[in-house]
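One structure is given below, encoded as structure tokens.
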Amino acid sequence: MVRSLLIICILAGAVSVSMAREFRCTAQINYRKLEGSGFGFLEDLERQIEDYMNNNNWTDDQFEVHELIECSMQIVFQESYTLTSFRAQLVLTSTRPIYGTMAKTPLLQISDDAWDFSYAQGAPLVFEVERFDQLTSVLDYYAYLMLGYDYDSFSEFGGEEHFQQAKRIQQLASSSNAAGWSTLDIDGRARIVDQMTNPRMRPLREVYYQYHIGALDLFVLNQESARVKVLEVLQTMSDLYEDQARQYVFDIFFSTKHKELVGIFEGSNEKGDAYDLLSDADPARLSSYNALLE
């Protein structure tokens with residue numbers, strides 16, 4: 001697969017002792033907001049989610065240990081409707097390695113506040129992507145979303161089939177009227193996959209490839225050349241911002257990358273140009289970009 005070949009080139013010399021599945025995911029459960037006692041069994045869900053994400057086959061590709069997509073899932077329970085029915089917030093982060101360094105770059109950071117599901121003590125998480133389940137369908141959706149973003153960062157539009165799978169999960173779930181799946185939600189799950197599979201947003205998807213392969217992965221070899229490439233990426237984002245109404249996937253890009261972008265340009269000769277482009281493309285985070293004026 002293209003992604004595998006690219007990672008092998010990027011991590012040349014790395015030794016893998018065994019084949020693995022796609023994710024190295026950690027989960028963290030927080031139920032302190034729930035009133036009353038008897039919710040200690042929710043701690044079991046932490047291990048179950050990790051097992052679900054890490055031990056199921058999400059693609060037909062084979063990942064070696066050094067290729068695994070690292071992700072974290074923080075599940076913060078907001079309220080309990082019953083002893084086994086809840087609303088939770090999911091804070092999701094996935095990362096990608098940067099060539100020639102031990103560092104990783106954040107690839108996707110999302111906070112999802114509309115996750116309603118039922119979970120009883122000892123209940124198994126059944127891996128059945130084509131069947132809607134309030135709990136596991138959200139995990140399935142975000143697994144394929146992470147795969148889509150990851151594959152796009154290694155090859156142009158490499159994540160297409162995974163975005164399409166996430167969209168199929170969303171479409172199946174939307175008929176359930178469960179929270180978070182409606183196409184009417186401004187920043188919901190439907191909005192992400194609709195935009196990432198929209199042909200008009202292909203320039204944004206190209207950005208993920210150009211930013212990571214063309215800039216970050218070359219940064220240790222030639223910082224000036226890499227910064228120029230990032231400026232080209234930001235020009236594309238600025239043009240997209242002017243060409244279309246603000247899209248939720250723009251916010252996802254900048255909420256994930258804004259600190260990294262400041263770090264790339266801070267103290268450099270290109271910081272003024274970067275500030276101009278960032279302030280145009282992402283005015284919501286102007287306070288962060290003001291560091292480039294110092």
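Only one residue in ASP217, ASP243, ASP185 is charged (D, E, K, R) and closer than 28 Å to THR101 by Cβ. Which one?
When all the criteria are applied, what remains is ASP217.
At least 2 residues that are within 27 Å of VAL138 (Cβ to Cβ) and within 21 Å of the chain's Cα centre (by Cα) in each: list the helices (runs of 4 or more DSSP H) lying fully within the range 172-280 that qualify.
Fully inside the range 172-280 and qualifying: 189-196, 202-212, 248-265.
May I ask you to list the residues in the range 208-220 that are crowded, with 19+ Cβ neighbours inside 10 Å and among the aliphatic types (A, V, I, L, M)?
ALA215, LEU216
Could we say that ALA103 is farther than 25 Å from ASP44 by Cα, at pLDDT below 95 and in the same structural domain as GLU79 (by TED's automatic domain parsing) here?
yes
Restricted to the range 141-196, and to residues that are aromatic (Phe, Trp, Tyr) and out of contact with any His (no Cβ under 7 Å at 6 or more places or on another chain), which residue is surrounded by the fewest Cβ atoms within 10 Å (Cβ to Cβ)?
Within the range 141-196, the match that is surrounded by the fewest Cβ atoms within 10 Å (Cβ to Cβ) is PHE157.
I'd like the full set of residues that are touching a strand residue (DSSP E or B) at 6+ places or on another chain (Cβ under 6 Å), hydroxyl-bearing (Ser, Thr, Tyr) and buried (at least 18 other Cβ atoms within 10 Å of the Cβ), limited to the range 27-80.
TYR31, SER80
Only one of (1) among the hydrophobic types (A, V, I, L, M, F, W, C); (2) in contact with a Lys or Arg (Cβ under 9 Å, 6 or more places away or on another chain); (3) crowded, with 22+ Cβ neighbours inside 10 Å; (4) over 28 Å from PHE132 (Cα atoms) fails for VAL233. Which number is that?
Just one mismatch for VAL233, condition (2).
Name the residue that is nearest to SER174 (Cα to Cα), counting only residues in the range 70-126 that are among the β-branched types (Val, Ile, Thr) and in a strand (DSSP E or B).
The qualifying residue nearest to SER174 (Cα to Cα) is ILE110.
Given the conditions (1) surrounded by 15 or more Cβ atoms within 10 Å (Cβ to Cβ); (2) over 25 Å from SER80 (Cα atoms); (3) in the same structural domain as GLN48 (by TED's automatic domain parsing), which single one is not true for VAL138?
All conditions pass for VAL138, except number (2).
Looking at THR101, is it surrounded by fewer than 16 Cβ atoms within 10 Å (Cβ to Cβ) and of a type in the set (Ser, Thr, Tyr)?
When the stated conditions are applied, THR101 passes them.
Under 8 Å by Cβ, and 6 or more places apart or on different chains, what pairs join a residue from the range 66-90 that is closer than 27 Å to ALA103 by Cβ and in contact (Cβ under 8 Å) with a residue 12 or more places away in the chain with one that is of a type in the set (D, E, K, R) and part of a strand (DSSP E or B)?
LEU68/ARG24; ILE69/ARG24; ILE69/ARG96; GLU70/ARG24; GLU70/LYS104; CYS71/ARG24; LEU90/ASP112
Has the range 44-66 got at least one residue that is under 30 Å from GLY148 (Cα atoms), of a type in the set (Lys, Arg) and not in a helix (DSSP H, G or I)?
Looking through the range 44-66, none of the residues is under 30 Å from GLY148 (Cα atoms), of a type in the set (Lys, Arg) and not in a helix (DSSP H, G or I).
The values are calculated or read from the model by the stated rules, or taken from the named source; none is laboratory data. Remember, it's a predicted structure, so these values are computed and weren't measured experimentally. In this analysis, Cβ positions are derived from the backbone assuming ideal geometry, glycine residues included, and neighbour counts consider all displayed protein chains.
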